[in-house]
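Chemist: Take this structure, written in structure tokens, and hold onto it; I'll ask about it next.
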Amino acid sequence: MGGEIFIPDKLYFRIGEVAILCRLPAYVLRFWETEFPQLKPVKSSTGQRMYRKRDVENVLRIKQLLYDQGFTISGARQHLRSEIKSDKSQSTIPFPAQSAAEIRYIRQGLREILNLLSTRRTG
């Protein structure tokens, strides 16, 4: 592929951003959503498609399979399915892993909130 594409580290991307990032027209992305179950952008309250980073990675992978490796759509769908299966055996955590320090920080914050609430009740 023509150079590695850097995906900004953010939670959600609008379809326009994904189109620019992946150098694909938005209508291609919408079509791929109907063809690839791996692409499931969530809809915002206003009906906007919101792609997660994982979706953007999948779009790039689909583009690579179709455009660079010459897969058909059904061939690419099959190939992705088998890739995702082998991925699943490695990591079973469906959410971003938090570092131990982050978890300690969150726990500390929760403890402080609990202390505030318990002192308010007894005071």
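Chemist: Mind giving me the FRET efficiency for residue 84 and residue 106? R0 is 30 Å, r the Cβ-Cβ distance, nearest 0.05 is fine.
Modeler: 0.50
Chemist: Okay, moving on. Under 13 Å from the Cβ of residue 19, count the other residues' Cβ atoms, weight Lys and Arg +1, Asp and Glu -1, and hand me the total. Walk me through the numbers on the way to the answer.
Modeler: Details: positive: 14, 23, 30, 49, 63; negative: 17, 33, 55.
Neighbourhood net charge equals +2.
Chemist: Going down the table (10/85; 10/43; 10/40), which pairs top 20 Å between alpha carbons?
Modeler: 10/85, as the Cα separations exceed 20 Å there.
Chemist: So for the pair residue 119, residue 68, with labels modelled 7 Å out along Cα→Cβ, what separation do we get in nm?
Modeler: Result for the modelled spin labels: 5.7 nm.
Chemist: Enumerate by residue number the chymotrypsin sites (Phe, Trp or Tyr not before Pro) in region 1-80 meeting two conditions: DSSP loop (anything except H, G, I, E, B), and at most 14 other Cβ atoms within 10 Å of the site's Cβ.
Modeler: Values: sites: 6, 12, 13, 27, 31, 32, 51, 67, 71; in loops: 6, 71.
For chymotrypsin sites (Phe, Trp or Tyr not before Pro) across region 1-80 that sit outside H, G, I, E and B with at most 14 neighbouring Cβ atoms in 10 Å, the list reads 6.
Every number in this text was worked out from the coordinates using simple rules, so none of it is lab data. Computed from a predicted structure; not experimentally measured. Note: ideal-geometry Cβ built from the backbone for every residue, glycine included; neighbour counts use all protein chains shown.
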